[in-house]
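Data block below; observations after.
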Amino acid sequence: MAYPPAAPASPPRQPSVKVILAAADVSRVVDRIAHQILEKTQGAADTVLLGIPTRGVPLAKRLADRISTFEDVAVGVGVLDITLYRDDLRRHATRAVGPTQLPAGGIDGKRIVLVDDVLFSGRTVRAALDALSDVGRPACVQLAVLVDRGHRQLPIRADYVGKNIPTALAENVKVTLVETDGSDEVRLYGGQL
Amino acid sequence: MIRHLLSGGDVDADTATLILDTATEMATVAGREVKKLPALRGRTVVNLFYEDSTRTRISFEAAAKRLSADVINFSAKGSSVAKGESLKDTALTLQAMGADAVVVRHPASGAPHRLANWVDGSVVNAGDGTHEHPTQALLDAYTMRSRLGRLAGLHVAVVGDVLHSRVARSNVLLLSTLGAKVTLVGPPTLIPVDIAQALAPGIGVSYDLDAVLPNVDVVMMLRVQRERMNDSYFPSAREYARRYGLDVPRMRRLPEHAIVMHPGPMNRGMEIAPEVADSPRSTIVEQVANGVSVRMAVLYLLLGGNNL
C-alpha cells in the first residue's frame, strides 16, 4: 500500500544560512586547540597528528604549525584515509580511495591525535579507529574537531572541540578552509531564522 | 564504474587511471603489518578456472583475501565439469550460491562474455583463449607508470607471438586508450596485421627487432606458446631465438631508461635470455607483485559500492 500523499508544503521555507565562525574565529579556535594539545600532552612529546580527509588534513597541518610556533617542538603530521573502513560503502557508488601517509617514525607507541572538521554521528571516527589499528599500535588515541554538532550514533566523544554547535538533524554544518575551498568559515544551513 | 571487466577496451582513460590510482593505494597495504582491508567483507568471489594457471589464480585469490572477501576456488579438473557439465549450468550453480563476482579463465575466446549474460554478479576475465587478459594489461600499465612515471607518449614494443597472445590484445587496447604508442614485432606469421589495425588505428608493425629497440621505452616480450606451435609458424626454436629473442647484445641497444617486461611464465633462452630476465631493467618480479595490487583495485571498484 502506498503512503498517503504528503501534505502540501505550506509557505515555502526560506533556506537560511548562518555564519557560526568567521575567518578570524577559525584561526583563534585553531590556536586554542593547539594550546590545549600542548597542555594535555605535556608539550606534545611523542605526539602525531593524523588528519582525516578531506578537511581534517589541512587542519592537522595548521595545528602542527601552531604547536611548533608556540613551543618550538616538531610534531609528526600525517593523513589517515578511512574510505575502505567506512560502514556505508555499500550504500553509495564506489568511492575513490585516497592516500594514507604516516610520518617517518610511524605511529607505534605514539600519542595519536585524530583531526577532523565536523564531529557528527561518530561513524567516521569509528572507521578511523579501525584504520589506525591496521597500520600500527599507538599508545593512545585522542580526537580533535573544529566543530561538534551533536547527534552521536556511537559512544564517541572528542578530547578537543573548537566549537560546540547545537543543531537540528535537518540542519547542515559546512566547514570551508583556505586550503580546500578558498576561505575559512563555518556555516550552518537550514536553521530557523 | 563498469560492472564487468571483460576486455582491455572496456575501460576508458578515466576509469583506467582510477584503477591505477586505486592500485597505488592498495600497494601500500602490502608493506603493512596487517595486510588486510575490510572493504569487501561478506562478499563472495569465485575463481572459475578452466585452464591451468598459477600466478593469475593465486594473484586473484590473494587480492580478494586482502580485501576480506570470501574466496571459492573452482578448477575444472576433479569437478562436475569433468562429468560434462556445461559452462551455463556451472554459472547457474555459482549464481545460486550467491557469488558476487566470478573471475573466469577459459580456453574458449569469448566465454567470459557469455558468462556475463548468465550471472547477476560481476565477471572478471582472467584470460579467455587467444582473446583477452585485461587485468594483465592493467598491471603492465601500472608497472610502466611506476617505473617510468607516465604512460602517455611512451613507445612500447610488444615482441613475439602476438597472434595467440591475449596479453598482447588487451595491452594494445589499454595502452592506446592511455595514449601510449605500440609497435608489434615478430615473425610475419605471428602478427595479425588486420586485427591489430582494427583494434588500434595507428599501431606500428615491424618484423625487425633490432631496428625497433633503440626507439622504445618499454619492450614487452611474449611467451612462445609451445603448446600452440604445431603449425610451423617459424622454422625452428633456434632461429626464433636468434631473430626475436632478447639477449644481452640486444638489451644494450635499448635506451638507458628502457625497461624489459614479460607476463610470465618465461622460456629462458628462448624469447628472453636469463641474463636479461635477471637484469635490473627487467620488471618481471615487480609485475607479479603489482598484479595483486591491481586486482585488489579492480575487485574493490567492481564490488565495493552499490553499483551492481
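The values are calculated or read from the model by the stated rules, or taken from the named source; none is laboratory data. Source: prediction; values computed, not measured. Note that we place each Cβ from the backbone using ideal geometry, even for glycine, and neighbour counts take in every protein chain shown.
Some points to look at:
- The residue that is farthest from the other protein chains (Cβ to nearest Cβ), among those in segment B:1-49 that are part of a helix (DSSP H, G or I) and surrounded by fewer than 15 Cβ atoms within 10 Å (Cβ to Cβ), is B:Ala13.
- Matching helices (runs of 4 or more DSSP H) fully within segment B:232-291 where at least 2 residues are modelled with pLDDT of 95 or more and under 25 Å from B:Ile58 (Cα atoms): B:274-277
- Selection from segment B:172-229 of residues that are touching a residue at least 60 places away in the same chain (Cβ under 8 Å), assigned to a loop (DSSP other than H, G, I, E, B) and touching an Asp or Glu at 6+ places or on another chain (Cβ under 7 Å): B:Leu222, B:Arg223, B:Val224, B:Gln225
- Screening B:Leu303, B:Leu299 for residues that are within 30 Å of A:Asp87 (Cβ to Cβ), in contact with a Lys or Arg (Cβ under 6 Å, 6 or more places away or on another chain) and within 14 Å of chain A (Cβ to nearest Cβ) leaves exactly one candidate, B:Leu303.
- Residues that are farther than 13 Å from A:Gly109 by Cβ and among the aliphatic types (A, V, I, L, M) were ranked within segment A:136-146; the one that is surrounded by the fewest Cβ atoms within 10 Å (Cβ to Cβ) is A:Leu143.
- For segment B:233-255, the set of residues classified as over 16 Å from B:Ala211 (Cα atoms) and of a type outside the set (A, V, I, L, M) consists of B:Tyr233, B:Phe234, B:Pro235, B:Ser236, B:Arg238, B:Glu239, B:Tyr240, listed by residue number.
- The residues of segment A:69-109 that are touching a Ser or Thr at 6+ places or on another chain (Cβ under 9 Å), part of a loop (DSSP other than H, G, I, E, B), without any contact (Cβ under 8 Å) to a residue 40 or more places away in the chain and within 15 Å of A:Leu129 (Cα to Cα) amount to a single one, A:Thr100.
- Segment B:216-233: number of residues that are in contact with a Pro (Cβ under 8 Å, 6 or more places away or on another chain) and surrounded by fewer than 19 Cβ atoms within 10 Å (Cβ to Cβ): 1
- Subset of segment B:92-122 that is among the β-branched types (Val, Ile, Thr) and either closer than 22 Å to B:Arg295 by Cα or under 18 Å from the mean Cα position of the chain (by Cα) (or both) - its residue that is surrounded by the fewest Cβ atoms within 10 Å (Cβ to Cβ): B:Val119
- Residue list for segment B:96-153, restricted to those being polar (S, T, N, Q) and either touching a residue at least 12 places away in the same chain (Cβ under 8 Å) or part of a strand (DSSP E or B) (or both): B:Ser109, B:Ser122, B:Asn125, B:Thr130, B:Thr135, B:Gln136, B:Thr143, B:Ser146
- Candidates A:Leu154, A:Leu84, A:Leu114, A:Leu89, filtered to the one that is touching a strand residue (DSSP E or B) at 6+ places or on another chain (Cβ under 8 Å) and either crowded, with 20+ Cβ neighbours inside 10 Å or closer than 27 Å to B:Arg32 by Cβ (or both): A:Leu114
- Boolean, B:Arg295 is touching a residue at least 12 places away in the same chain (Cβ under 8 Å) and farther than 30 Å from B:Asp100 by Cβ: no
- Residue within segment A:21-43 that is under 27 Å from A:Asn164 (Cβ atoms), of a type outside the set (Phe, Trp, Tyr), outside any loop (DSSP other than H, G, I, E, B) and within 14 Å of another protein chain (Cβ to nearest Cβ) present: no
- Within segment B:214-242, being in contact with a strand residue (DSSP E or B) (Cβ under 7 Å, 6 or more places away or on another chain) and not charged (D, E, K, R) holds for B:Asn215, B:Val216, B:Val218, B:Val219, B:Met220, B:Met221, B:Leu222.
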